[in-house]
Amino acid sequence: MKTDTLFYQLFQTFHSLLFELLDRPSSEAEGYQFSSIEIKEKAFRTDGVFIPSTDDKLIYFAEVQFQLNDDFYLDFEAEIRLYLKQYRPKQDWKAVAIFARSNCEPEPPKHCQEAIALGRIVRVYLEDWLEQETNSLGIAIIQLILSSEKIAPKMAKALAAKVEQETDADLQDRVVKFIETVLVYKFPKLTRTEIEKMFTHSDLKKTRVYQEALKEGEQLGEQRGLQLGKQEGLQLGEQRGLQRQVAMLLRMLTRKFGKVDPKVKTRISKLSAVQLENLAEAIFDFETIADLNAWLKTRS
């Protein structure tokens, strides 16, 4: 599983998630902008930088590690030092090292041990959250990522039921996509339809994309089988369902990369239903706009 990309999306969707992992009030996330910044000198890219809008708050550097890497602390420190040299921020900073489990953490070098003791580097072990009750959708998704294959379907279903209570339809759609993506990685031999059945006999049908297409199909005539709002009702209903899928994907790309070039929007609007669904999966793996352009080029 490409956890760095997945966690980038999690931090981008749930702005208070880092502070929740630090056992800090969610309100502390106010005034922070999250981004993944490339350090030009060595072509490093940070997993995440939380930049405050005022000088009196800390900059938070976050790095997620799901495998043992003996050079983790040295690489993380180098990224931070190069960032400070390149951007010269006025604020003080803190580093957050996020490990899936304690056995993913290497022995910190002596100078890093001192930084840990002083609180300059804070360590978070996601396994500590696995058994905890939580109302946080971000934490619940992390629990799903860490869960065993045996209990993952049950956890996915519970999470899908929880997100039904959300009034934000866009957030509902994004969480369902997170659930689906995690399960696809956990069960690579299953088809997407089989994955959906794990947690969606009714859950998926309550997402906004599905409901809008369903309403259009009912108004125009015979209901047809629908998958994520793209194949419902008569031909016009189907076309509108596709248009809404395109709109949702463009919103996701805008949140991830900023303004999307009009030519790119046009190319996406011409994709087939199958290609749109493939793009919805691929978005989580894109790290730069160049990755998107390369993907579109192979589909033209």
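Within segment 199-208, identify whether any single residue is modelled with pLDDT of 60 or more, closer than 30 Å to LEU159 by Cβ, outside the structural domain of PHE34 (by TED's automatic domain parsing) and under 21 Å from the mean Cα position of the chain (by Cα), and answer yes or no.
Within segment 199-208, the first condition is being modelled with pLDDT of 60 or more, and the residues that meet it are 199.
Among the residues that remain, those that are also closer than 30 Å to LEU159 by Cβ are: 199.
Filter once more, so that each one left must be outside the structural domain of PHE34 (by TED's automatic domain parsing): 199.
Applying the additional criterion that residues be under 21 Å from the mean Cα position of the chain (by Cα) yields 199.
Yes, segment 199-208 has at least one match.
Do we find a residue being surrounded by 15 or more Cβ atoms within 10 Å (Cβ to Cβ) and at pLDDT 80 or above anywhere in segment 186-193? Explain how you work it out, then say what you get.
Going through segment 186-193, the residues surrounded by 15 or more Cβ atoms within 10 Å (Cβ to Cβ) turn out to be 186-187.
Filter once more, so that each one left must be at pLDDT 80 or above: 186-187.
Yes.
Being surrounded by 16 or more Cβ atoms within 10 Å (Cβ to Cβ), part of a loop (DSSP other than H, G, I, E, B), touching an Asp or Glu at 6+ places or on another chain (Cβ under 7 Å) and modelled with pLDDT under 70: is that true of GLY233 here?
yes
Based on what the data block shows, is LEU292 modelled with pLDDT of 80 or more and surrounded by 19 or more Cβ atoms within 10 Å (Cβ to Cβ)?
Working: modelled with pLDDT of 80 or more: yes; surrounded by 19 or more Cβ atoms within 10 Å (Cβ to Cβ): yes.
Answer is yes for this residue.
If I go through segment 105-159 residue by residue, how many of them are in a loop (DSSP other than H, G, I, E, B) and either touching a Ser or Thr at 6+ places or on another chain (Cβ under 9 Å) or surrounded by fewer than 17 Cβ atoms within 10 Å (Cβ to Cβ) (or both)?
At the first step, the residues of segment 105-159 found to be in a loop (DSSP other than H, G, I, E, B) are 105-109, 118-120, 130-136, 147-151.
Still in the running and either touching a Ser or Thr at 6+ places or on another chain (Cβ under 9 Å) or surrounded by fewer than 17 Cβ atoms within 10 Å (Cβ to Cβ) (or both): 106-107, 109, 118-120, 130-136, 148-151.
Counting residues in segment 105-159 that are in a loop (DSSP other than H, G, I, E, B) and either touching a Ser or Thr at 6+ places or on another chain (Cβ under 9 Å) or surrounded by fewer than 17 Cβ atoms within 10 Å (Cβ to Cβ) (or both) gives 17.
Which is modelled with pLDDT of 95 or more, assigned by TED's automatic domain parsing to the domain that holds SER136, farther than 20 Å from ASP285 by Cα and of a type in the set (Phe, Trp, Tyr), of TYR73, TYR87? Can you show your working first?
Numbers: TYR87 fails: modelled with pLDDT of 95 or more.
Selected residue: TYR73, the only one of TYR73, TYR87 that is modelled with pLDDT of 95 or more, assigned by TED's automatic domain parsing to the domain that holds SER136, farther than 20 Å from ASP285 by Cα and of a type in the set (Phe, Trp, Tyr).
Can you name the condition, by its number, that ARG24 falls short on among (1) farther than 24 Å from ASN135 by Cα; (2) at pLDDT below 95; (3) surrounded by fewer than 20 Cβ atoms within 10 Å (Cβ to Cβ)?
Of the numbered conditions (1) farther than 24 Å from ASN135 by Cα; (2) at pLDDT below 95; (3) surrounded by fewer than 20 Cβ atoms within 10 Å (Cβ to Cβ), the odd one out for ARG24 is (1).
Residues being among the charged types (D, E, K, R), surrounded by fewer than 14 Cβ atoms within 10 Å (Cβ to Cβ) and part of a helix (DSSP H, G or I): count how many of those fall in segment 256-281. Even if it seems obvious, please write down each step before you answer.
To start, the set of residues in segment 256-281 that are among the charged types (D, E, K, R) comprises 256, 259, 261, 263, 265, 267, 270, 277, 281.
Add one more test, that the residue is surrounded by fewer than 14 Cβ atoms within 10 Å (Cβ to Cβ), and what stays is 259, 261, 263, 270, 281.
When the remaining residues are screened for being part of a helix (DSSP H, G or I), the result is 263, 281.
Total satisfying the criteria: 2.
Taking segment 30-53 as the search range and keeping residues that are of a type in the set (Gly, Ala, Ser) and in contact with a Phe, Trp or Tyr (Cβ under 6 Å, 6 or more places away or on another chain), which one is modelled with the lowest pLDDT?
So in segment 30-53, the residues of a type in the set (Gly, Ala, Ser) come out as 31, 35-36, 43, 48, 53.
Then drop every residue that is not in contact with a Phe, Trp or Tyr (Cβ under 6 Å, 6 or more places away or on another chain), which leaves 36, 48.
Details: SER36: 76, GLY48: 86.
Ranking the candidates gives SER36 first.
Specify the residue that is farthest from PRO153 (Cα to Cα); the eligible residues are those in segment 164-182 that are hydrophobic (A, V, I, L, M, F, W, C) and surrounded by 22 or more Cβ atoms within 10 Å (Cβ to Cβ).
First, pick out the residues of segment 164-182 that are hydrophobic (A, V, I, L, M, F, W, C): 169, 171, 175-176, 178-179, 182.
Next, only the ones that are surrounded by 22 or more Cβ atoms within 10 Å (Cβ to Cβ) stay: 175-176, 178-179, 182.
Numbers: VAL175: 15, VAL176: 13, PHE178: 13, ILE179: 10, VAL182: 10 Å.
Filtering first and then ranking leaves VAL175.
The values are calculated or read from the model by the stated rules, or taken from the named source; none is laboratory data. Here the structure is a predicted model, which means the values were calculated and not measured. Methodologically, a virtual Cβ is constructed for each residue, glycine included, from the backbone with ideal geometry; neighbour enumeration extends over all protein chains shown.
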